[in-house]
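These notes concern the structure reproduced below.
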Amino acid sequence: MKRQIIEIDEQKCTGCGICTQGCHEGALQIINGKAVLISDLLCDGLGACVGDCPEGAITVTEREAEPYNEEKVMQHLVTKGFDVVVAHLKHLKEHNEKVWLDTGLRWLQLNSSLAGFDVNAVVSELQVKVVPTQMHHHGGSCPGSAHREMKRDFGLAELSSEQPSTLEQWPVQMHLINPQSSSFTNADLLLAADCVAFSLGNFHGKWLKGKKLAIACPKLDQGKEVYVEKLKVMIDVAKVNTITVMMMEVPCCHSLLNLVQLAINDSERTVPVKKIVVGIDGAIQREEWVSL
């Protein structure tokens, strides 16, 4: 799939640090006097940092991108030294990307001779344990804001008079989500039209709980071909278990299911798909598993 990502001209960069203020994801850091993109996984490609650079050292390019691969990232970053590797792994830790963090640490452990520095010092700096895991190739494109996982105790919350949120990840808008985030790995995906949650009073308690969320408006959103590409990645790389499509009863909303169909038709694997149609009065009009 194609995605936008920034490029830094190290010859032009003076290390002033202004660009880091425009990177809300923290993917840009000044290390050893130069701006470094420490995680292309979390670069949103919107280029907020470009206009801030007084030297014109940052540009945005669009290119075909392979699925995100933490092993390849580590192989590249070790050439930049200890500080850059630590910054990258800290970034993964702070954004709760535990799968990739474990993969990166394990790669360092298995390839200590290539690192050129004390791998144990990296582990000590991060204050984590190296988890022995198999090496996996994980896919990913850049989300528009920092990814977060929320762990919730529903046992106590359900005793409250207020309905607790059951949202387990952020962001949720299709243009912003990273389809290859570990959040979506083997998950049940709920793809909901923007208006659905406002129409259903029990959206969180009954429909969202236990699922990962993506929202979109099939009528107003631009660039919906990107949605198809992201859904393909979720199916083939993240290997989501199921996809539940929740749409409003209005005709324009039904093309949301068409996006899923296009993605499945062009994917290597298929997943069960459930269609749920919500009335503007908040009543469920139809709920069925469909063949695409």
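Points worth noting:
- Identity of the residue in the stretch 5-24, more than 14 Å from residue 56 (Cβ to Cβ) and not β-branched (Val, Ile, Thr), that ends up surrounded by the most Cβ atoms within 10 Å (Cβ to Cβ): 23
- Which listed residue is surrounded by 12 or more Cβ atoms within 10 Å (Cβ to Cβ) and at pLDDT 85 or above, from 157, 115, 187: 187
- Pairing each residue of the stretch 84-105 that is of a type in the set (Phe, Trp, Tyr) with any residue that is in a helix (DSSP H, G or I), provided the two are 6+ apart or on different chains, yields C-beta distances under 6 Å for 100/70; 100/92.
- Scanning the stretch 127-146 finds no residues that are of a type in the set (Val, Ile, Thr) and at pLDDT 80 or above.
- Scope the stretch 238-249; condition on the phi < 0 side of the Ramachandran plot and either exposed (fewer than 15 other Cβ atoms within 10 Å of the Cβ) or in contact with a helix residue (DSSP H, G or I) (Cβ under 9 Å, 6 or more places away or on another chain) (or both); matching residues: 238, 240, 241, 242, 243, 244, 245, 246, 247, 248
- Residue-level analysis places residue 215 outside the set of residues that are closer than 27 Å to residue 182 by Cβ and in contact with a Lys or Arg (Cβ under 9 Å, 6 or more places away or on another chain).
- Answer from 188, 236, 221 - the residue that is over 17 Å from the mean Cα position of the chain (by Cα) and either closer than 24 Å to residue 289 by Cα or not basic (Lys, Arg) (or both): 221
The values are calculated or read from the model by the stated rules, or taken from the named source; none is laboratory data. Not measured: the values here are computed from a predicted model. Ideal geometry is used to build each Cβ from the backbone, glycine not excepted, and the neighbour counts take in all protein chains shown.
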